[in-house]
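Here is the structure we will look at, set down as structure tokens.
The values are calculated or read from the model by the stated rules, or taken from the named source; none is laboratory data. Values in this document were obtained by computation on a predicted structure and should not be read as measured data. Here the Cβ is made from the backbone with ideal geometry for all residues, glycine too, and neighbour counts use every protein chain on show.
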Amino acid sequence: MILSCQQQVSFKVTSEARGRVSGDGVELAFGYWPGCGAPVVGIHGLTASYLTFAGIGARLAGRRSLFAVDLRGRGDSEKPDGPYGMTQHARDVAAAMRALGLGPSIIAGHSMGAFVATALAVEAPELVAGLIMIDGGYVPDLPVGVDPEQALDKLLEQRITQLRQYYPSREFYREFWRSQPHFPSIDWGPWVEAFLDYELGGEPPRMQPKASEKAVRADLAEGTRKAEIRARLCEVRVPTLLVRAEAGLAPGQPPLFPYPVVKQIRDCLPEIEEQVIPGATHYTITLGDRGASRVADLIDDFARRCSPT
């Protein structure tokens, strides 16, 4: 349901609609939150799912429609042997948008999803009215002598290890994450629980994260190709907004995008806008109430300026 922004929105979005759509040779699972005007397309991160955008969809509250897919190899989407990579994911998202008749849209990518979003802006510019990079989309310089692949493996060691593990129940998996610092109690809520519940597949007592390790590792390898990533970012020709979390993967950690990295991004995109979300981590910037509420407001404002409908 897409309404004109001139119409009075008289409904309340309480949950998303779910479905399946054709990508570029694969079938993708998706979620859709109804709203008015030109849609927002959400693209999740490396090991995540479309429910990364559950909080943002709820806080948009019908002001904008939001369409988000599970990328190939993740969630309930098909998991082929390959190919993977940012360009392939961009082709999948473009195919899904065309299948649903979506025209120029605001593309919001979180973490790895921001790399996919920039690839989409280059591969299919006719589908992109504006680009929002949420704590992602660029690889910072590493200290001399540090191997990029080893550095990325170390950063994501816990998440990669979890892909091989089994869990007795969704409740056990939720409690495991509740004990970790990534989701402080102030940000724990129904969106985090829905995201974690959806992340597991199979039946108790052998439930396992749905993300394919082969897919994750294939995409992770591309994250070491900084020259390629930078060149693609420099090709973007649409209005772009960078939204950064104040902290890294957990409270108290340095941000993944400190000011020197922002400067490197701005060297490619001099007109890029920038916003920092106080108190947010890389995870809670979309799934915590503080992060999701602020990001939803930024999306609505940015979308209004990029596409007046």
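Find the residue count for the range 181-221, including only residues that are in a helix (DSSP H, G or I) and either buried (at least 21 other Cβ atoms within 10 Å of the Cβ) or not basic (K, R) (or both).
20
Residues in the range 11-39 that are aliphatic (A, V, I, L, M), in a loop (DSSP other than H, G, I, E, B) and at pLDDT 95 or above: V26 alone. Pairs meeting the criteria (first residue in the range 115-130 and farther than 13 Å from M97 by Cα, second residue at pLDDT 95 or above and of a type in the set (F, W, Y), beta carbons under 7 Å, at least 6 apart or on different chains) are G130/F302.
Is it the case, given these coordinates, that G113 is of a type in the set (G, A, S), within 27 Å of C268 (Cα to Cα) and surrounded by 21 or more Cβ atoms within 10 Å (Cβ to Cβ)? Even if it seems obvious, please write down each step before you answer.
Working: of a type in the set (G, A, S): yes; within 27 Å of C268 (Cα to Cα): yes; surrounded by 21 or more Cβ atoms within 10 Å (Cβ to Cβ): yes.
Considered against the rule, which asks whether it is of a type in the set (G, A, S), within 27 Å of C268 (Cα to Cα) and surrounded by 21 or more Cβ atoms within 10 Å (Cβ to Cβ), G113 comes out as yes.
Yes or no: A194 among the small types (G, A, S) and in contact with a Gly (Cβ under 8 Å, 6 or more places away or on another chain)? Considered against the rule, which asks whether it is among the small types (G, A, S) and in contact with a Gly (Cβ under 8 Å, 6 or more places away or on another chain), A194 comes out as no. Cβ-Cβ distances below 8 Å connect the following pairs, each with a first residue in the range 181-202 that is of a type in the set (V, I, T), a second residue that is buried (at least 23 other Cβ atoms within 10 Å of the Cβ) and assigned to a loop (DSSP other than H, G, I, E, B), and a separation of six or more residues or different chains: I186/G288; V192/F183; V192/G288. For the range 274-284, the criterion of being over 18 Å from the mean Cα position of the chain (by Cα) and assigned to a loop (DSSP other than H, G, I, E, B) is satisfied by at least one residue.
Across the range 90-100, a minimum of one residue is classified as under 22 Å from A296 (Cβ atoms) and surrounded by fewer than 19 Cβ atoms within 10 Å (Cβ to Cβ). For the range 159-199, the set of residues classified as at pLDDT 95 or above and of a type in the set (D, E, K, R) consists of R170, E171, R174, E175, R178, D187, E193, D197, E199, listed by residue number.
Evaluate the range 138-158: report whether one residue or more is at pLDDT 90 or above, surrounded by 14 or more Cβ atoms within 10 Å (Cβ to Cβ) and in a loop (DSSP other than H, G, I, E, B). It would help to see each step written out before you state the result.
Of all residues in the range 138-158, those at pLDDT 90 or above come to 138.
Adding the requirement that they be surrounded by 14 or more Cβ atoms within 10 Å (Cβ to Cβ) leaves 138.
From what is left, the residues that are in a loop (DSSP other than H, G, I, E, B) are 138.
Within the range 138-158, one or more residues are at pLDDT 90 or above, surrounded by 14 or more Cβ atoms within 10 Å (Cβ to Cβ) and in a loop (DSSP other than H, G, I, E, B).
Counting the residues of the range 222-256 that are closer than 21 Å to E126 by Cα, of a type in the set (D, E, K, R) and not in a helix (DSSP H, G or I) gives 2.
Mind listing whichever residues of the range 56-96 are assigned to a helix (DSSP H, G or I), within 20 Å of G37 (Cβ to Cβ) and in contact with a Phe, Trp or Tyr (Cβ under 8 Å, 6 or more places away or on another chain)?
First, the residues of the range 56-96 that are assigned to a helix (DSSP H, G or I): 56-60, 86-96.
Now drop any that are not within 20 Å of G37 (Cβ to Cβ), which leaves 56-60, 93, 96.
If the condition is that a residue be assigned to a helix (DSSP H, G or I), within 20 Å of G37 (Cβ to Cβ) and in contact with a Phe, Trp or Tyr (Cβ under 8 Å, 6 or more places away or on another chain), then G57, A58, L60, A96 are the ones that fit.
Filtering the range 285-303 for residues that are buried (at least 17 other Cβ atoms within 10 Å of the Cβ), over 17 Å from the mean Cα position of the chain (by Cα), part of a loop (DSSP other than H, G, I, E, B) and of a type outside the set (V, I, T) leaves an empty set.
So is P270 without any contact (Cβ under 8 Å) to a residue 40 or more places away in the chain, over 23 Å from I132 (Cα atoms) and over 20 Å from the mean Cα position of the chain (by Cα) or not? Taking the combined requirement at face value, the residue does not satisfy it.
Take the conditions (1) of a type in the set (A, V, I, L, M, F, W, C); (2) under 22 Å from I107 (Cβ atoms); (3) in contact with a Leu (Cβ under 9 Å, 6 or more places away or on another chain); (4) modelled with pLDDT of 95 or more; L220 misses just one of them, which is (4).
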